[in-house]
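Chemist: What follows is a single structure, and I will ask about it in a moment.
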Amino acid sequence: MKISFEVPAEFRDDLGKGASRRLRRTGKVPGILYGGHREPRALLVDHTKLMLLLENEKFYSTIVNLKVGEQTQAAILKDIQRHPAKNEVLHIDCSACSTTRRSDFAFRSTSRTKRGPLA
């Protein structure tokens, strides 16, 4: 069963602490989209929709579709900043990924277990 998440987002032009605070007061979450052979783009996401998506644990490790207008960008959620006392998301960081380009990863495995006489 394939689960895909679609996050409606908008690009934003106003940056800085004051602009982010104004967005949070209106129920939006500021964010940023890195990668994709482009400059980082500032985003804003609806807080209530984001909180509903965050209830599912698969959202944290799945490729999500950021829908900005008519365009869709595949991305991975890299970081979430939460308020220390309230149940609020303060900021999100996303990394754009390509669904057409292949990536090869090499992992090196090291074993740290000690082998006894019966192993």
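Chemist: I'm checking my understanding of the structure. Among residues of the range 25-55 that are touching a residue at least 60 places away in the same chain (Cβ under 8 Å) and part of a strand (DSSP E or B), which one is nearest to Leu66 (Cα to Cα)?
Modeler: Looking only at the range 25-55, we keep the residues that are touching a residue at least 60 places away in the same chain (Cβ under 8 Å), and these are 29-36.
Those still in the list that are part of a strand (DSSP E or B) too: 29-34.
Working: Val29: 14, Pro30: 14, Gly31: 12, Ile32: 11, Leu33: 9, Tyr34: 12 Å.
Selected residue: Leu33.
Chemist: Any residue in the range 8-24 that is touching a residue at least 12 places away in the same chain (Cβ under 8 Å) and among the small types (Gly, Ala, Ser)? Write out each step before concluding.
Modeler: We begin by selecting, within the range 8-24, every residue touching a residue at least 12 places away in the same chain (Cβ under 8 Å); these are 8-13, 15, 20, 23-24.
Right, trim to among the small types (Gly, Ala, Ser) and you get 9, 20.
Looking for residues that are touching a residue at least 12 places away in the same chain (Cβ under 8 Å) and among the small types (Gly, Ala, Ser), one finds at least one in the range 8-24, hence yes.
Chemist: While we're here: Name the residue, out of Leu43, Leu33, Leu66, Leu52, that is modelled with pLDDT of 85 or more, farther than 25 Å from Asp13 by Cβ and out of contact with any helix residue (DSSP H, G or I) (no Cβ under 9 Å at 6 or more places or on another chain). Spell out how you get there, then give the answer.
Modeler: On the way: Leu43 fails: farther than 25 Å from Asp13 by Cβ; Leu33 fails: farther than 25 Å from Asp13 by Cβ; Leu66 fails: farther than 25 Å from Asp13 by Cβ.
When all the criteria are applied, what remains is Leu52.
The values are calculated or read from the model by the stated rules, or taken from the named source; none is laboratory data. This is a predicted model, so every value here is computed, not measured. No Cβ is skipped: glycine too gets one built from the backbone with ideal geometry, and neighbour counts run over all protein chains shown.
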